[in-house]
Amino acid sequence: MLDIKLIREQPDTVKRGLATRNVDTAVIDEVLKLDANWRELKAQEETQQAALNKANKAFGPWMGARKKDPKAPAPAELTQLLGAAPTDPDAAKAALGKLGEQRADIATLADKLMAEIEQKLLFVPNLPAAQTPLGKSEDDNVVRKTWGDAPKFAFIPKAHWDLADLGNEIGGRISGSGFPFFRGRLARLERALITFFLDLHTREHGYTECWAPFLVREETLRNSGQLPKFLEEMYRTDARDDLFLIPTAEVPLTSIHADSIIPDEQAPIRYCAFTPCFRREAGAAGKDTRGILRVHQFSKVELMVVTTPEKSEAEHETLTRCAERVLELLEIPYRRLELCTADIGFGAARCYDLEVWAAGVGKWLEASSCSIFTDYQARRAKIRVKDKEKGARLAHTLNGSGLACPRTMIAILENNQTAEGKVRIPKALQPYYGCEWL
RNA sequence: GGAGGGGUGGCAGAGUGGUUGAUCGCGUCGGUUUCGAAAACCGAAAUGCCGGAAACGGCAUCGGGGGUUCGAAUCCCCCCCCCUCCGCCA
(Lines give C-alpha, C1' and ligand atoms only; values in the text may rest on other atoms or scores of the structure.)
Protein backbone atom coordinates (compact mmCIF):
# COMPACT_ATOMS: atom_id res chain seq x y z
CA MET A 1 0.00 0.00 0.00
CA LEU A 2 1.15 3.52 -0.67
CA ASP A 3 1.80 5.95 2.15
CA ILE A 4 -1.22 8.19 2.61
CA LYS A 5 1.11 10.92 3.85
CA LEU A 6 3.09 10.82 0.65
CA ILE A 7 -0.13 11.10 -1.31
CA ARG A 8 -1.14 14.14 0.74
CA GLU A 9 2.17 15.88 0.57
CA GLN A 10 3.31 15.03 -2.94
CA PRO A 11 0.26 14.06 -4.94
CA ASP A 12 1.88 15.04 -8.21
CA THR A 13 4.91 12.86 -7.63
CA VAL A 14 2.62 9.95 -6.84
CA LYS A 15 0.48 10.54 -9.90
CA ARG A 16 3.50 10.84 -12.17
CA GLY A 17 4.86 7.57 -10.83
CA LEU A 18 1.58 5.76 -11.26
CA ALA A 19 1.08 7.18 -14.73
CA THR A 20 4.31 5.52 -15.86
CA ARG A 21 2.67 2.23 -14.89
CA ASN A 22 -0.40 3.02 -16.96
CA VAL A 23 -2.54 3.43 -13.86
CA ASP A 24 -5.48 5.82 -13.93
CA THR A 25 -4.44 8.52 -11.47
CA ALA A 26 -7.97 9.74 -10.83
CA VAL A 27 -8.00 7.47 -7.82
CA ILE A 28 -5.42 9.71 -6.14
CA ASP A 29 -7.69 12.73 -6.34
CA GLU A 30 -10.56 10.67 -4.98
CA VAL A 31 -8.42 9.53 -2.09
CA LEU A 32 -7.25 13.07 -1.37
CA LYS A 33 -10.80 14.32 -1.22
CA LEU A 34 -11.92 11.52 1.08
CA ASP A 35 -8.86 12.02 3.23
CA ALA A 36 -9.46 15.74 3.72
CA ASN A 37 -12.99 14.87 4.72
CA TRP A 38 -11.82 12.17 7.04
CA ARG A 39 -9.32 14.35 8.82
CA GLU A 40 -11.90 17.00 9.49
CA LEU A 41 -14.35 14.51 10.97
CA LYS A 42 -11.61 12.81 12.92
CA ALA A 43 -10.59 16.09 14.50
CA GLN A 44 -14.20 16.74 15.52
CA GLU A 45 -14.53 13.29 16.93
CA GLU A 46 -11.37 13.52 18.96
CA THR A 47 -12.14 16.92 20.40
CA GLN A 48 -15.49 15.63 21.53
CA GLN A 49 -13.94 12.49 22.90
CA ALA A 50 -11.34 14.47 24.84
CA ALA A 51 -14.03 16.53 26.53
CA LEU A 52 -16.06 13.42 27.34
CA ASN A 53 -13.01 11.68 28.74
CA LYS A 54 -12.35 14.57 31.07
CA ALA A 55 -15.91 14.66 32.28
CA ASN A 56 -16.05 10.91 32.80
CA LYS A 57 -12.81 10.94 34.68
CA ALA A 58 -14.25 13.48 37.11
CA PHE A 59 -17.46 11.49 37.46
CA GLY A 60 -16.18 8.78 39.77
CA PRO A 61 -14.70 11.17 42.36
CA TRP A 62 -17.94 13.15 42.33
CA MET A 63 -19.96 10.06 43.19
CA GLY A 64 -17.53 9.40 46.00
CA ALA A 65 -17.87 12.95 47.31
CA ARG A 66 -21.66 12.72 47.22
CA LYS A 67 -21.62 9.73 49.50
CA LYS A 68 -20.16 11.93 52.22
CA ASP A 69 -22.06 15.05 51.26
CA PRO A 70 -25.14 14.60 49.05
CA LYS A 71 -24.88 18.26 48.13
CA ALA A 72 -21.34 18.07 46.81
CA PRO A 73 -21.16 20.24 43.68
CA ALA A 74 -20.53 18.75 40.27
CA PRO A 75 -16.91 18.93 39.13
CA ALA A 76 -15.87 21.79 36.88
CA GLU A 77 -15.17 19.45 33.92
CA LEU A 78 -18.79 18.35 33.89
CA THR A 79 -20.17 21.84 34.25
CA GLN A 80 -17.96 23.06 31.45
CA LEU A 81 -18.93 20.32 29.04
CA LEU A 82 -22.65 20.50 29.77
CA GLY A 83 -22.80 24.28 29.86
CA ALA A 84 -24.42 24.32 33.29
CA ALA A 85 -23.93 22.53 36.60
CA PRO A 86 -25.95 19.29 36.56
CA THR A 87 -28.40 18.97 39.43
CA ASP A 88 -27.75 15.28 40.05
CA PRO A 89 -25.76 12.37 38.58
CA ASP A 90 -28.71 10.98 36.63
CA ALA A 91 -29.21 14.25 34.78
CA ALA A 92 -25.50 14.36 34.05
CA LYS A 93 -25.57 10.77 32.79
CA ALA A 94 -28.38 11.52 30.40
CA ALA A 95 -26.61 14.60 29.09
CA LEU A 96 -23.31 12.80 28.68
CA GLY A 97 -25.07 9.94 26.96
CA LYS A 98 -26.46 12.33 24.34
CA LEU A 99 -23.07 13.85 23.71
CA GLY A 100 -21.62 10.36 23.45
CA GLU A 101 -24.14 9.47 20.77
CA GLN A 102 -23.26 12.56 18.80
CA ARG A 103 -19.62 11.61 18.98
CA ALA A 104 -20.42 8.07 17.87
CA ASP A 105 -22.29 9.37 14.84
CA ILE A 106 -19.28 11.39 13.76
CA ALA A 107 -17.00 8.42 14.42
CA THR A 108 -19.16 6.16 12.27
CA LEU A 109 -18.93 8.58 9.38
CA ALA A 110 -15.18 8.93 9.79
CA ASP A 111 -14.71 5.16 9.89
CA LYS A 112 -16.74 4.77 6.74
CA LEU A 113 -14.55 7.26 4.94
CA MET A 114 -11.39 5.56 6.13
CA ALA A 115 -12.68 2.20 4.93
CA GLU A 116 -13.35 3.74 1.53
CA ILE A 117 -9.86 5.19 1.38
CA GLU A 118 -8.31 1.86 2.25
CA GLN A 119 -10.44 0.02 -0.23
CA LYS A 120 -9.16 2.32 -2.96
CA LEU A 121 -5.54 2.21 -1.87
CA LEU A 122 -5.52 -1.58 -1.82
CA PHE A 123 -5.90 -1.50 -5.60
CA VAL A 124 -3.13 1.02 -6.18
CA PRO A 125 0.24 -0.52 -7.06
CA ASN A 126 3.64 0.54 -5.72
CA LEU A 127 5.50 3.47 -7.22
CA PRO A 128 8.34 2.49 -9.52
CA ALA A 129 11.85 3.24 -8.27
CA ALA A 130 13.70 6.10 -9.94
CA GLN A 131 16.03 3.58 -11.58
CA THR A 132 13.23 1.60 -13.19
CA PRO A 133 13.32 2.31 -16.92
CA LEU A 134 10.31 4.08 -18.34
CA GLY A 135 8.30 2.04 -20.76
CA LYS A 136 4.90 1.46 -22.29
CA SER A 137 4.94 -2.31 -22.57
CA GLU A 138 7.11 -5.36 -22.04
CA ASP A 139 8.93 -4.43 -25.24
CA ASP A 140 10.61 -1.64 -23.30
CA ASN A 141 12.27 -3.92 -20.78
CA VAL A 142 16.03 -3.55 -20.80
CA VAL A 143 18.55 -6.36 -21.09
CA ARG A 144 21.13 -5.69 -18.38
CA LYS A 145 23.38 -8.64 -18.97
CA THR A 146 23.68 -11.90 -20.81
CA TRP A 147 25.48 -14.97 -19.54
CA GLY A 148 26.56 -18.07 -21.42
CA ASP A 149 26.22 -19.02 -25.07
CA ALA A 150 23.24 -20.60 -26.68
CA PRO A 151 24.16 -24.18 -27.56
CA LYS A 152 24.73 -25.00 -31.22
CA PHE A 153 23.30 -28.12 -32.76
CA ALA A 154 24.06 -29.98 -35.94
CA PHE A 155 20.39 -30.97 -36.01
CA ILE A 156 17.12 -29.25 -35.28
CA PRO A 157 16.71 -29.32 -31.49
CA LYS A 158 13.43 -30.70 -30.22
CA ALA A 159 11.03 -28.98 -27.88
CA HIS A 160 10.82 -30.46 -24.39
CA TRP A 161 7.49 -32.14 -25.11
CA ASP A 162 9.23 -34.24 -27.70
CA LEU A 163 12.07 -35.18 -25.38
CA ALA A 164 10.25 -36.66 -22.41
CA ASP A 165 6.84 -37.79 -21.28
CA LEU A 166 5.30 -34.83 -19.45
CA GLY A 167 2.22 -36.76 -18.42
CA ASN A 168 -0.09 -34.01 -19.63
CA GLU A 169 -2.70 -36.51 -20.68
CA ILE A 170 -2.78 -38.23 -17.35
CA GLY A 171 -2.74 -34.93 -15.50
CA GLY A 172 -5.45 -33.62 -17.75
CA ARG A 173 -7.60 -36.59 -16.99
CA ILE A 174 -7.26 -36.40 -13.25
CA SER A 175 -7.08 -32.61 -12.75
CA GLY A 176 -7.49 -30.80 -16.04
CA SER A 177 -5.14 -29.18 -18.49
CA GLY A 178 -2.13 -27.49 -17.02
CA PHE A 179 -1.43 -30.22 -14.53
CA PRO A 180 1.47 -32.31 -15.80
CA PHE A 181 1.99 -35.72 -14.24
CA PHE A 182 5.64 -36.74 -14.09
CA ARG A 183 6.61 -40.34 -13.79
CA GLY A 184 10.07 -41.82 -13.55
CA ARG A 185 12.85 -39.66 -14.93
CA LEU A 186 11.13 -36.27 -14.84
CA ALA A 187 9.77 -36.87 -11.36
CA ARG A 188 13.28 -37.60 -10.20
CA LEU A 189 14.64 -34.59 -12.07
CA GLU A 190 12.06 -32.36 -10.41
CA ARG A 191 13.07 -33.61 -6.98
CA ALA A 192 16.76 -33.22 -7.82
CA LEU A 193 16.24 -29.62 -8.87
CA ILE A 194 14.35 -28.72 -5.71
CA THR A 195 16.98 -30.25 -3.45
CA PHE A 196 19.81 -28.69 -5.43
CA PHE A 197 18.23 -25.23 -5.17
CA LEU A 198 17.60 -25.52 -1.46
CA ASP A 199 21.05 -26.88 -0.66
CA LEU A 200 22.73 -24.06 -2.53
CA HIS A 201 20.75 -21.26 -0.93
CA THR A 202 20.86 -22.62 2.58
CA ARG A 203 24.46 -23.82 2.61
CA GLU A 204 26.16 -21.19 0.53
CA HIS A 205 23.89 -18.15 0.38
CA GLY A 206 22.84 -17.92 4.01
CA TYR A 207 19.09 -18.41 3.64
CA THR A 208 17.06 -20.10 6.34
CA GLU A 209 15.08 -23.03 5.00
CA CYS A 210 11.34 -22.89 5.62
CA TRP A 211 8.55 -25.36 5.22
CA ALA A 212 5.41 -23.30 4.96
CA PRO A 213 1.66 -23.91 4.64
CA PHE A 214 0.34 -24.18 1.10
CA LEU A 215 -3.10 -22.94 2.10
CA VAL A 216 -3.43 -19.48 3.56
CA ARG A 217 -5.99 -16.97 4.71
CA GLU A 218 -7.23 -14.04 2.74
CA GLU A 219 -5.43 -11.71 5.12
CA THR A 220 -2.11 -13.36 4.34
CA LEU A 221 -2.57 -12.72 0.63
CA ARG A 222 -3.51 -9.17 1.37
CA ASN A 223 -0.24 -8.68 3.23
CA SER A 224 1.89 -9.51 0.24
CA GLY A 225 -0.36 -7.77 -2.29
CA GLN A 226 -2.07 -10.58 -4.23
CA LEU A 227 -5.46 -9.67 -2.80
CA PRO A 228 -7.82 -8.04 -3.27
CA LYS A 229 -6.69 -7.24 -6.79
CA PHE A 230 -5.82 -10.68 -8.13
CA LEU A 231 -8.69 -12.71 -6.77
CA GLU A 232 -9.32 -14.20 -10.22
CA GLU A 233 -5.84 -15.70 -10.26
CA MET A 234 -6.38 -17.60 -7.04
CA TYR A 235 -7.59 -21.09 -6.25
CA ARG A 236 -9.88 -20.95 -3.28
CA THR A 237 -11.39 -23.62 -1.06
CA ASP A 238 -15.08 -23.70 -0.31
CA ALA A 239 -16.79 -21.71 2.41
CA ARG A 240 -16.23 -24.30 5.14
CA ASP A 241 -12.64 -23.14 5.39
CA ASP A 242 -12.31 -20.39 2.82
CA LEU A 243 -8.57 -20.71 2.34
CA PHE A 244 -6.49 -19.94 -0.72
CA LEU A 245 -3.83 -22.07 -2.40
CA ILE A 246 -0.63 -20.08 -2.52
CA PRO A 247 0.49 -18.80 -5.93
CA THR A 248 4.05 -18.55 -4.60
CA ALA A 249 5.97 -19.15 -1.36
CA GLU A 250 6.39 -15.39 -1.22
CA VAL A 251 2.96 -15.33 0.38
CA PRO A 252 3.58 -17.32 3.55
CA LEU A 253 7.18 -16.11 3.82
CA THR A 254 6.27 -12.43 3.71
CA SER A 255 3.83 -12.90 6.56
CA ILE A 256 6.34 -14.53 8.89
CA HIS A 257 7.11 -11.18 10.48
CA ALA A 258 3.71 -9.55 9.98
CA ASP A 259 2.67 -7.33 12.88
CA SER A 260 6.10 -7.27 14.39
CA ILE A 261 9.13 -5.12 14.90
CA ILE A 262 12.60 -6.43 14.09
CA PRO A 263 15.76 -4.90 15.57
CA ASP A 264 17.89 -3.36 12.82
CA GLU A 265 20.89 -5.49 13.68
CA GLN A 266 19.01 -8.67 12.75
CA ALA A 267 18.54 -7.47 9.16
CA PRO A 268 18.72 -8.76 6.57
CA ILE A 269 16.66 -11.83 7.43
CA ARG A 270 16.78 -14.27 4.54
CA TYR A 271 14.36 -17.13 4.00
CA CYS A 272 13.95 -19.72 1.33
CA ALA A 273 11.29 -22.32 0.82
CA PHE A 274 10.18 -24.91 -1.63
CA THR A 275 6.46 -24.94 -2.28
CA PRO A 276 4.18 -25.92 -5.08
CA CYS A 277 2.58 -22.84 -6.64
CA PHE A 278 -1.01 -22.72 -7.79
CA ARG A 279 -2.19 -20.27 -10.39
CA ARG A 280 -5.43 -20.18 -12.30
CA GLU A 281 -3.81 -18.20 -15.12
CA ALA A 282 -7.26 -16.82 -15.78
CA GLY A 283 -6.19 -14.20 -18.29
CA ALA A 284 -3.61 -16.31 -20.03
CA ALA A 285 -5.70 -19.03 -21.62
CA GLY A 286 -4.25 -20.24 -24.86
CA LYS A 287 -0.93 -18.47 -24.47
CA ASP A 288 2.27 -20.52 -24.28
CA THR A 289 0.32 -23.54 -23.23
CA ARG A 290 2.28 -26.29 -24.88
CA GLY A 291 4.35 -28.68 -22.84
CA ILE A 292 5.02 -27.24 -19.42
CA LEU A 293 5.52 -23.64 -20.50
CA ARG A 294 2.58 -22.47 -18.43
CA VAL A 295 0.88 -24.69 -15.91
CA HIS A 296 -1.56 -24.38 -13.01
CA GLN A 297 0.67 -26.12 -10.51
CA PHE A 298 4.43 -25.96 -10.46
CA SER A 299 7.32 -26.28 -8.06
CA LYS A 300 9.40 -23.34 -7.03
CA VAL A 301 12.06 -22.49 -4.49
CA GLU A 302 11.53 -18.93 -3.40
CA LEU A 303 13.95 -16.49 -1.78
CA MET A 304 12.50 -13.84 0.50
CA VAL A 305 14.24 -11.11 2.47
CA VAL A 306 13.19 -8.64 5.13
CA THR A 307 15.62 -5.83 5.75
CA THR A 308 16.04 -2.15 6.54
CA PRO A 309 15.40 0.63 4.02
CA GLU A 310 19.13 1.38 4.11
CA LYS A 311 20.19 -2.12 3.12
CA SER A 312 17.46 -3.08 0.71
CA GLU A 313 18.92 -1.82 -2.53
CA ALA A 314 22.16 -3.74 -2.07
CA GLU A 315 20.15 -6.77 -1.03
CA HIS A 316 18.25 -6.65 -4.31
CA GLU A 317 21.49 -7.20 -6.18
CA THR A 318 22.62 -9.90 -3.75
CA LEU A 319 19.32 -11.73 -4.09
CA THR A 320 19.40 -11.56 -7.86
CA ARG A 321 22.95 -12.87 -7.88
CA CYS A 322 21.86 -15.83 -5.74
CA ALA A 323 19.29 -16.74 -8.37
CA GLU A 324 21.75 -16.21 -11.22
CA ARG A 325 24.26 -18.42 -9.49
CA VAL A 326 21.85 -21.34 -9.79
CA LEU A 327 21.68 -20.88 -13.54
CA GLU A 328 25.43 -20.56 -13.83
CA LEU A 329 26.01 -23.77 -11.90
CA LEU A 330 23.49 -25.50 -14.14
CA GLU A 331 25.24 -24.07 -17.22
CA ILE A 332 22.03 -22.54 -18.50
CA PRO A 333 22.47 -19.48 -20.73
CA TYR A 334 20.42 -16.62 -19.36
CA ARG A 335 19.88 -12.90 -19.55
CA ARG A 336 18.97 -10.41 -16.87
CA LEU A 337 16.14 -8.16 -17.88
CA GLU A 338 15.28 -5.05 -15.98
CA LEU A 339 11.54 -4.62 -16.24
CA CYS A 340 10.22 -1.24 -17.28
CA THR A 341 7.57 0.76 -15.44
CA ALA A 342 4.77 -0.79 -17.48
CA ASP A 343 5.82 -4.36 -16.72
CA ILE A 344 6.91 -4.53 -13.09
CA GLY A 345 4.71 -6.47 -10.69
CA PHE A 346 1.94 -4.87 -8.66
CA GLY A 347 3.88 -4.37 -5.43
CA ALA A 348 7.35 -4.02 -6.92
CA ALA A 349 9.36 -0.82 -7.21
CA ARG A 350 12.02 -2.47 -9.29
CA CYS A 351 12.33 -5.90 -10.79
CA TYR A 352 14.82 -8.10 -12.61
CA ASP A 353 13.58 -11.05 -14.60
CA LEU A 354 16.02 -13.85 -15.31
CA GLU A 355 15.22 -15.48 -18.59
CA VAL A 356 16.71 -18.78 -19.63
CA TRP A 357 17.40 -19.76 -23.20
CA ALA A 358 15.44 -22.76 -24.32
CA ALA A 359 16.89 -24.09 -27.58
CA GLY A 360 13.97 -26.32 -28.54
CA VAL A 361 11.20 -23.75 -28.41
CA GLY A 362 13.75 -21.11 -29.39
CA LYS A 363 12.66 -18.62 -26.76
CA TRP A 364 13.81 -16.83 -23.66
CA LEU A 365 11.70 -18.05 -20.76
CA GLU A 366 11.24 -16.31 -17.45
CA ALA A 367 12.66 -18.56 -14.74
CA SER A 368 12.97 -16.02 -11.97
CA SER A 369 11.64 -12.64 -11.03
CA CYS A 370 13.58 -10.71 -8.40
CA SER A 371 11.72 -7.76 -6.96
CA ILE A 372 12.23 -5.11 -4.36
CA PHE A 373 8.98 -3.96 -2.79
CA THR A 374 10.39 -1.11 -0.71
CA ASP A 375 7.87 -0.57 2.12
CA TYR A 376 4.82 -1.50 0.05
CA GLN A 377 4.30 -4.99 1.46
CA ALA A 378 5.65 -3.99 4.86
CA ARG A 379 2.94 -1.35 5.20
CA ARG A 380 0.24 -3.89 4.45
CA ALA A 381 1.76 -6.58 6.65
CA LYS A 382 2.92 -4.17 9.36
CA ILE A 383 6.52 -5.33 9.33
CA ARG A 384 8.84 -2.83 10.95
CA VAL A 385 12.46 -2.50 11.87
CA LYS A 386 13.74 -0.58 14.82
CA ASP A 387 16.96 1.17 15.64
CA LYS A 388 17.89 3.34 18.60
CA GLU A 389 18.66 6.43 16.58
CA LYS A 390 16.27 5.92 13.69
CA GLY A 391 13.42 4.60 15.80
CA ALA A 392 10.81 2.27 14.35
CA ARG A 393 10.06 2.43 10.65
CA LEU A 394 8.64 0.19 7.99
CA ALA A 395 10.86 -2.61 6.79
CA HIS A 396 11.67 -3.31 3.17
CA THR A 397 10.90 -6.66 1.62
CA LEU A 398 12.32 -8.42 -1.40
CA ASN A 399 11.82 -11.71 -3.08
CA GLY A 400 12.82 -13.72 -6.07
CA SER A 401 12.54 -17.19 -7.48
CA GLY A 402 15.53 -19.34 -6.95
CA LEU A 403 14.19 -20.94 -9.20
CA ALA A 404 10.96 -22.12 -10.78
CA CYS A 405 11.22 -25.77 -11.80
CA PRO A 406 9.34 -26.05 -15.10
CA ARG A 407 11.27 -23.40 -16.98
CA THR A 408 14.56 -24.61 -15.56
CA MET A 409 13.66 -28.12 -16.58
CA ILE A 410 12.73 -27.00 -20.08
CA ALA A 411 16.12 -25.32 -20.49
CA ILE A 412 17.97 -28.38 -19.26
CA LEU A 413 16.05 -30.73 -21.51
CA GLU A 414 16.20 -28.63 -24.64
CA ASN A 415 19.74 -27.28 -24.35
CA ASN A 416 21.41 -30.54 -23.40
CA GLN A 417 19.82 -32.85 -25.94
CA THR A 418 21.76 -35.01 -28.34
CA ALA A 419 20.97 -36.06 -31.87
CA GLU A 420 19.80 -39.41 -30.50
CA GLY A 421 17.26 -37.65 -28.28
CA LYS A 422 19.15 -38.22 -25.07
CA VAL A 423 19.61 -35.48 -22.46
CA ARG A 424 22.77 -34.86 -20.48
CA ILE A 425 22.27 -33.72 -16.87
CA PRO A 426 24.41 -30.68 -15.92
CA LYS A 427 27.42 -31.66 -13.86
CA ALA A 428 26.37 -29.81 -10.73
CA LEU A 429 23.03 -31.60 -10.76
CA GLN A 430 24.37 -35.09 -11.40
CA PRO A 431 24.96 -35.90 -7.71
CA TYR A 432 21.34 -34.96 -7.07
CA TYR A 433 19.89 -36.74 -10.07
CA GLY A 434 22.12 -39.76 -9.59
CA CYS A 435 23.58 -40.18 -13.06
CA GLU A 436 24.87 -38.34 -16.10
CA TRP A 437 22.03 -39.02 -18.53
CA LEU A 438 18.35 -38.54 -18.13
C1' G B 1 -15.37 -32.99 16.10
C1' G B 2 -16.31 -32.82 21.93
C1' A B 3 -14.78 -30.78 26.98
C1' G B 4 -11.85 -27.46 29.71
C1' G B 5 -7.88 -23.57 30.47
C1' G B 6 -5.53 -19.34 28.49
C1' G B 7 -4.16 -14.82 25.16
C1' U B 8 -2.00 -7.99 29.12
C1' G B 9 3.98 -3.60 27.37
C1' G B 10 11.05 -6.73 24.79
C1' C B 11 10.25 -11.13 28.20
C1' A B 12 7.77 -12.83 32.67
C1' G B 13 3.42 -11.79 35.24
C1' A B 14 -0.50 -8.76 38.57
C1' G B 15 -4.87 -6.48 37.79
C1' U B 16 -12.36 -8.39 37.63
C1' G B 17 -16.36 -1.32 36.18
C1' G B 18 -13.96 5.05 37.78
C1' U B 19 -6.72 9.59 37.23
C1' U B 20 -4.71 1.96 34.80
C1' G B 21 -0.87 3.22 29.31
C1' A B 22 -1.68 -0.12 33.00
C1' U B 23 1.78 -3.03 40.02
C1' C B 24 6.25 -5.85 40.69
C1' G B 25 10.32 -8.49 38.56
C1' C B 26 13.87 -9.54 34.62
C1' G B 27 16.08 -7.62 30.45
C1' U B 28 17.43 -2.73 27.77
C1' C B 29 19.34 2.39 27.88
C1' G B 30 21.38 6.93 30.65
C1' G B 31 23.63 8.57 35.26
C1' U B 32 26.04 8.19 40.32
C1' U B 33 29.86 5.17 42.50
C1' U B 34 34.70 2.49 40.73
C1' C B 35 41.38 2.43 38.15
C1' G B 36 37.80 -0.54 35.39
C1' A B 37 33.87 -3.93 36.12
C1' A B 38 30.20 -6.33 39.20
C1' A B 39 26.84 -4.96 42.91
C1' A B 40 24.00 -1.00 44.78
C1' C B 41 21.34 3.46 44.10
C1' C B 42 18.86 7.27 40.91
C1' G B 43 16.52 7.98 36.34
C1' A B 44 14.60 6.88 31.20
C1' A B 45 12.08 3.88 28.11
C1' A B 46 5.69 1.25 23.78
C1' U B 47 3.18 1.74 18.96
C1' G B 48 -0.10 4.15 15.60
C1' C B 49 -3.06 8.33 14.03
C1' C B 50 -4.39 13.74 14.08
C1' G B 51 -2.70 18.89 14.93
C1' G B 52 2.11 21.65 15.31
C1' A B 53 8.26 24.35 12.33
C1' A B 54 9.25 22.50 17.13
C1' A B 55 8.37 22.06 22.22
C1' C B 56 4.24 19.76 22.94
C1' G B 57 -1.06 18.62 22.90
C1' G B 58 -5.15 15.30 21.65
C1' C B 59 -7.08 10.41 20.36
C1' A B 60 -6.53 5.18 20.02
C1' U B 61 -4.32 0.48 21.42
C1' C B 62 -4.48 -5.07 27.33
C1' G B 63 -5.55 -11.41 20.61
C1' G B 64 -9.50 -9.26 16.64
C1' G B 65 -14.53 -7.38 15.92
C1' G B 66 -19.24 -5.93 17.95
C1' G B 67 -22.33 -4.74 22.37
C1' U B 68 -23.79 -3.00 27.57
C1' U B 69 -22.46 1.63 30.45
C1' C B 70 -21.92 8.45 31.86
C1' G B 71 -17.27 5.40 32.06
C1' A B 72 -14.55 -1.34 30.02
C1' A B 73 -8.09 -4.58 30.33
C1' U B 74 -12.20 -5.64 33.77
C1' C B 75 -19.33 -7.42 32.10
C1' C B 76 -21.95 -9.76 27.47
C1' C B 77 -21.80 -11.85 22.20
C1' C B 78 -19.05 -13.53 17.76
C1' C B 79 -14.30 -14.82 15.58
C1' C B 80 -8.95 -16.12 15.70
C1' C B 81 -4.73 -18.30 18.06
C1' C B 82 -2.14 -21.28 21.92
C1' C B 83 -2.27 -25.26 25.78
C1' U B 84 -4.52 -29.87 28.21
C1' C B 85 -7.80 -34.09 27.91
C1' C B 86 -11.23 -37.27 24.85
C1' G B 87 -12.69 -39.01 19.96
C1' C B 88 -11.23 -39.68 14.80
C1' C B 89 -7.38 -40.02 11.28
C1' A B 90 -2.35 -39.72 7.56
Worksheet item: How many residues does the stretch A:139-174 hold that are among the hydroxyl-bearing types (Ser, Thr, Tyr) and part of a loop (DSSP other than H, G, I, E, B)?
Response: 0
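Whether any residue in the stretch A:56-74 is within 30 Å of A:Ala115 (Cα to Cα), assigned to a helix (DSSP H, G or I) and near RNA strand B (Cβ under 8 Å from one of its atoms) is what I want to check. First the steps, then the outcome.
First pass over the stretch A:56-74, keeping only residues within 30 Å of A:Ala115 (Cα to Cα): A:56.
In the following step, the residues that additionally are assigned to a helix (DSSP H, G or I) were identified as A:56.
Adding the requirement that they be near RNA strand B (Cβ under 8 Å from one of its atoms) leaves A:56.
Yes, the conditions are met somewhere in the stretch A:56-74.
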Item to complete: Please state which of the following conditions A:Leu121 fails to meet, knowing it meets all the rest: (1) open to solvent by less than 50 Å² (accessible area, probe 1.4 Å); (2) in contact with a Phe, Trp or Tyr (Cβ under 7 Å, 6 or more places away or on another chain); (3) within 15 Å of RNA strand B (Cβ to nearest atom); (4) under 30 Å from A:Gln226 (Cα atoms).
Response: (2)
Worksheet entry | Residues of the stretch A:90-138 satisfying the condition of being assigned to a loop (DSSP other than H, G, I, E, B) and of a type outside the set (A, V, I, L, M) | A:Phe123, A:Pro125, A:Asn126, A:Pro128, A:Gln131, A:Thr132, A:Pro133, A:Gly135, A:Lys136, A:Ser137
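Among the listed residues A:Ala110, A:Ala92, A:Ala84, which satisfies the condition of being more than 21 Å from A:Lys5 (Cα to Cα) and surrounded by 13 or more Cβ atoms within 10 Å (Cβ to Cβ)? Reasoning before the result, please.
On the way: A:Ala110 fails: more than 21 Å from A:Lys5 (Cα to Cα); A:Ala84 fails: surrounded by 13 or more Cβ atoms within 10 Å (Cβ to Cβ).
So the residue among A:Ala110, A:Ala92, A:Ala84 that is more than 21 Å from A:Lys5 (Cα to Cα) and surrounded by 13 or more Cβ atoms within 10 Å (Cβ to Cβ) is A:Ala92.
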Response to the item:
Flagged in the stretch A:295-311 as at pLDDT 95 or above and surrounded by 24 or more Cβ atoms within 10 Å (Cβ to Cβ), in numbering order, are A:Lys300, A:Val301, A:Glu302, A:Leu303, A:Met304, A:Val305
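Within the stretch A:355-370, take every residue that is in contact with a helix residue (DSSP H, G or I) (Cβ under 8 Å, 6 or more places away or on another chain) and assigned to a strand (DSSP E or B) and give me the one that is nearest to RNA strand B (Cβ to nearest atom).
Step one: list which residues in the stretch A:355-370 are in contact with a helix residue (DSSP H, G or I) (Cβ under 8 Å, 6 or more places away or on another chain), which gives A:356-361, A:365-368, A:370.
Retained after the next criterion (residues that are assigned to a strand (DSSP E or B)): A:356-358, A:365-368, A:370.
Details: A:Val356: 36, A:Trp357: 41, A:Ala358: 37, A:Leu365: 36, A:Glu366: 35, A:Ala367: 33, A:Ser368: 32, A:Cys370: 28 Å.
Once the filter is applied, the top-ranked residue is A:Cys370.
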Item to complete: Give the stretch A:102-135 a look and list any residue that's modelled with pLDDT of 95 or more and either among the polar types (S, T, N, Q) or more than 21 Å from the chain's Cα centre (by Cα) (or both), or say none.
Response: A:Asn126, A:Gln131, A:Thr132, A:Pro133, A:Leu134, A:Gly135
Worksheet item: Taking the condition outside the structural domain of A:Asp353 (by TED's automatic domain parsing), closer than 18 Å to A:Ala55 by Cβ and of a type in the set (S, T, N, Q), does A:Thr79 pass?
Response: yes
Worksheet item: How many residues are modelled with pLDDT of 90 or more and either not assigned by TED's automatic domain parsing to the domain that holds A:Cys351 or not in a strand (DSSP E or B) (or both) when one looks only at the stretch A:383-401?
Response: 1
Worksheet, complete the sentence: Taking the stretch A:232-275 and keeping only residues that are assigned to a loop (DSSP other than H, G, I, E, B), at pLDDT below 95 and either of a type in the set (Gly, Ala, Ser) or outside the structural domain of A:Arg384 (by TED's automatic domain parsing) (or both), one is left with A:Ala239, A:Ser255, A:Ala258, A:Ala267
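Restricting to the stretch A:1-27, name every residue that is part of a helix (DSSP H, G or I), away from RNA strand B (no atom under 16 Å from the Cβ) and surrounded by 14 or more Cβ atoms within 10 Å (Cβ to Cβ).
The initial filter retains those residues of the stretch A:1-27 that are part of a helix (DSSP H, G or I), namely A:4-9, A:11-19, A:26-27.
From the residues that got through so far, the ones that are away from RNA strand B (no atom under 16 Å from the Cβ) too are A:12-13, A:15-19, A:26-27.
Passing the criteria: A:Lys15, A:Gly17, A:Leu18, A:Val27.
Kindly check whether there is at least one residue in the stretch A:214-228 that is within 16 Å of RNA strand B (Cβ to nearest atom) and in a strand (DSSP E or B). Before you say what the answer is, go through the steps one by one.
Here is the first cut: in the stretch A:214-228, the ones within 16 Å of RNA strand B (Cβ to nearest atom) are A:214-223.
If we keep only those that are in a strand (DSSP E or B) too, we end up with A:215-216.
The answer is yes, given that some residue of the stretch A:214-228 is within 16 Å of RNA strand B (Cβ to nearest atom) and in a strand (DSSP E or B).
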Worksheet item: Failed condition for A:Glu317, given (1) open to solvent by 10 Å² or more (accessible area, probe 1.4 Å); (2) not in a helix (DSSP H, G or I), with all others met?
Response: (2)
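The values are calculated or read from the model by the stated rules, or taken from the named source; none is laboratory data. Not measured: the values here are computed from a predicted model. In this analysis, Cβ positions are derived from the backbone assuming ideal geometry, glycine residues included, and neighbour counts consider all displayed protein chains. The accessibility values were calculated without ligands, DNA or RNA, using every heavy atom of the protein model including side chains. Shrake-Rupley method; radii C 1.70, N 1.55, O 1.52, S 1.80 Å.
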